[in-house]
Amino acid sequence: MTSQTRWFRNLHLALWITQVVLALSFLWAAGIKWFQPTDELATMWPWVAQVPVALVKFTGFVEVAGAIGLLLPIRSHPATRTSRVAAGVVVWMIGAGMFHLLRHEASGVGVNVGFAVLAAFIAWGRQQQAPGFSARCSTQG
């Protein structure tokens, strides 16, 4: 096994672990937003009490969609599709971070930054595995 093959195999494993962790985190957050009473949820996330319930439920929907996109790559070019989903998660987390900063909730931004970094890793890593990348690397070496 060449070092490049080993590197790609290790990258693939690290990406799947990251995808599962991020997706499970999103599913957990969505489940809480959908099924926990708003007053209980507001004790954990104060913003929930100050926005329409529909917005809270919508964020849960987007998180479920992101989790599904991270866990169920489409058969044709799954690396490219997963990379796009992960890029969307990065954008979503930037928006969530801006939302919290505008509300002077800087303590909540760390989670958004952490998730954005994980999603950026997935986007980068899956792009490395996109069709043609290995061929481009071997011809440039």
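Annotation: per residue accessible area for the chain equals 59 Å², rounded to a whole number [probe 1.4 Å, protein chains only]. Let's test the formula: R0 of 25 Å, r as the Cβ-Cβ distance of residue 124 and residue 57. What FRET efficiency results, to the nearest 0.05? It comes out at approximately 0.20. The string of couplings for region 41-56 from the Karplus curve (6.51, -1.76, 1.60, θ = phi - 60°) is 5, 5, 5, 8, 10, x, 4, 4, 6, 10, 10, x, 4, 4, 5, 4 Hz, one whole number per residue in order, with x for Gly and Pro. When the P(r) of region 1-97 is calculated, the portion above 21 Å amounts to 43% of the C-alpha pairs. Of the peptides 7-15, 114-122, the order by per-residue mean of other Cβ atoms within 10 Å, starting with the highest, comes out as 114-122, 7-15. Charged side chains reduced to their Cβ positions (Lys and Arg at +1, Asp and Glu at -1) give the chain a dipole of some 680 debye around its Cα centre.
The values are calculated or read from the model by the stated rules, or taken from the named source; none is laboratory data. Given the structure is predicted, the values throughout are model-derived calculations rather than measurements. As a convention, Cβ positions derive from the backbone with ideal geometry for all residues, glycine included, and neighbour counts pool all protein chains shown. Keep in mind that these areas ignore ligands, DNA and RNA; they rest on the heavy atoms of the full protein, side chains included. Shrake-Rupley method; radii C 1.70, N 1.55, O 1.52, S 1.80 Å.
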